[in-house]
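Peer 1: The structure's right below; bear with me while I get my questions together.
Nothing in this text is a laboratory measurement; each read-out follows from the coordinates by a stated rule. It should be emphasised that the depicted structure is a prediction, and the values quoted were computed from it without experimental measurement. In this analysis, Cβ positions are derived from the backbone assuming ideal geometry, glycine residues included, and neighbour counts consider all displayed protein chains.
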Amino acid sequence: MAKLNKIGIIGLGHVGSTLAYTLCLSGLARELVLIDTDEKKVHAESLELADTLQNLAHNVVLTENAYAALLDAELLVFCAGDIRVLETASDRLAELRVTSKVVRDVAPKIVSSGFDGLVISITNPCDVICQYLAEMIGFDKKKVIGSGTLIDSNRLKNRTGDTRSLVIGEHGESQLALNASEAAATAARLTGWEIYSAKQHTAFGIASSVTRIIRVLASGSDELLPVSTYDEKAGCYYAVPSSISLANGTETRVVPLLSDEEVANLRRSINTIKANYKTI
């Protein structure tokens, strides 16, 4: 199985720690660099991951809170944030006030580390933060991708039972569902909130989605995934089926054949992302 030598994870909350656990189980990385402002949390997660690895046939080196260790990492996953913001709000944009500040705090540390690999951004609002992070670290936007609507597409397929179902546009309220009824699209769009209302977080679905993205990168597959990539013409990030590589990031973006109504809805989603970005 193809694997990466070193992956960094910034943010060890529910998503980051679940991703680290999933990557340990999968054996997709020889080393994980775990970074969070809560040093005790990082150490505790590292201890428990080490316990996990004793049950597996492979080993993963675990490095704690060392930005310098990112220098030779091939991939960096950015999932820092504070889910508690949603306790008093009901939309992903509410997170932007917090997560944009996190980007401003962390970006100089990423730059100082000398890291020059590929970045996957998960932090919400996904498309907006993906662009903001790319600009704050000064990377070519092809080398920063967002987890996008892969998780939303998975949720939609669960509702429709149709493997052709797909979500594009914003990872958020303005997303566009394809090959699905309006009822299924609405139910899928609200799935994250349904999970959050009971658990106060989501983690398994997004962590496994990002693991799938990493598996595609490690294998060199040309599989198209609905991840958030930069559209030069639109001037923003949004999700469409895209081929990606570890070396170059975004290789190709494929916009599906859309009806006039779907084109208008995608344009509305793009405009929503751009308007949200302007609030930073």
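Peer 1: Can you spot the aspartates and glutamates whose alpha carbon is less than 16 Å from Lys157's alpha carbon? Ignore those fewer than 8 places along the same chain.
Peer 2: Glu182
Peer 1: While we're here: Tally Lys/Arg at +1 and Asp/Glu at -1 over every other residue whose Cβ is under 12 Å from the Cβ of Ser17; what's the total?
Peer 2: Numbers: positive: Lys41; negative: Asp36, Asp38, Glu45, Glu48.
Every neighbour counted, the sum reads -3.
Peer 1: Considering Cα pairs under 8 angstrom that are at least six residues apart, work out the relative contact order of the chain and quote it in whole percent.
Peer 2: Details: 544 pairs, mean separation 50.8, N = 280.
So the answer I get is 18 percent.
Peer 1: In degrees from 0 to 90, rounded to the nearest 10, what is the angle of the helix 150-160 Cα long axis to the longest principal axis of the chain?
Peer 2: 50
Peer 1: Taking trypsin sites (Lys or Arg not before Pro) as exposed when DSSP calls them loop (any state but H, G, I, E, B) and at most 15 other Cβ atoms lie within 10 Å, what is the longest stretch of the chain free of them, the sites themselves excluded? Walk me through the intermediate numbers first.
Peer 2: Working: sites that count: Arg164, Lys233, Lys278.
Of all site-free stretches, the longest is 1-163.
Peer 1: Based on the Cβ-Cβ distance of Ala275 and Asp105, what FRET efficiency does E = 1/(1 + (r/R0)^6) give at R0 = 25 Å, to the nearest 0.05? Working shown, then result.
Peer 2: Working: r = 24 Å, r/R0 = 0.98.
That gives a FRET efficiency of 0.55.
Peer 1: Beyond 36 Å, how much of the Cα-Cα pair distribution for the chain remains, as a whole percent?
Peer 2: On the way: 3741 of 39060 pairs.
Across the chain, Cα pairs with separations above 36 Å total 10 percent.
Peer 1: Can you put Tyr238, Tyr230, Tyr21 in order, fewest other beta carbons within 10 Å first?
Peer 2: By the 10 Å Cβ count, ascending: Tyr21, Tyr230, Tyr238.
Peer 1: While we're on this one: Within the set Lys141/Lys199; Lys40/Lys101; Lys41/Lys274, which residue pairs have Cα atoms separated by over 26 Å?
Peer 2: On the way: Lys141/Lys199 34 Å; Lys40/Lys101 22 Å; Lys41/Lys274 35 Å.
In this structure, Lys141/Lys199; Lys41/Lys274 lie more than 26 Å apart at Cα.
Peer 1: Can you list residues whose amide H is under 5 Å from Ser228's amide H, if they're 5+ apart or on another chain and H is modeled 1.01 Å from N?
Peer 2: Gly146, Ser147, Gly148, Thr149
Peer 1: Roughly what angle does helix 126-137 make with the longest principal axis of the chain, taking Cα atoms, 0 to 90 degrees, to the nearest 10?
Peer 2: Compared with the principal axis, the helix lies near 50 degrees.
Peer 1: Okay, helix-only estimate at 222 nm for the chain: each DSSP H run of n ≥ 4 adds -39500 (n - 2.57), divide by all residues, round to 500 deg cm²/dmol; what do you get? Before the final figure, lay out the partial values.
Peer 2: Working: 9 runs with 120 residues, N = 280.
Estimated from H runs of four or more residues: -13500 deg cm²/dmol.
Peer 1: Next up: Which residue, Gly169, Gly114, Gly81, tops the fluctuation ranking in a GNM of the chain built on C-alpha contacts under 10 Å?
Peer 2: Fluctuation is largest for Gly114.
Peer 1: What nm distance separates the two modelled labels at Ser197 and Glu182, each placed 7 Å from Cα along Cα→Cβ?
Peer 2: 2.1
Peer 1: With labels modelled as points extended 7 Å from the Cα through the Cβ direction, what inter-label distance (nm, one decimal) is found for Ala94 paired with Asp51?
Peer 2: 3.4
Peer 1: Say we join alpha carbon atoms closer than 10 Å with springs in a Gaussian network model of the chain; which of Leu56, Leu190, Leu96 then has the biggest fluctuation?
Peer 2: Per the Cα network of the chain with a 10 Å cutoff, Leu56 tops the list.
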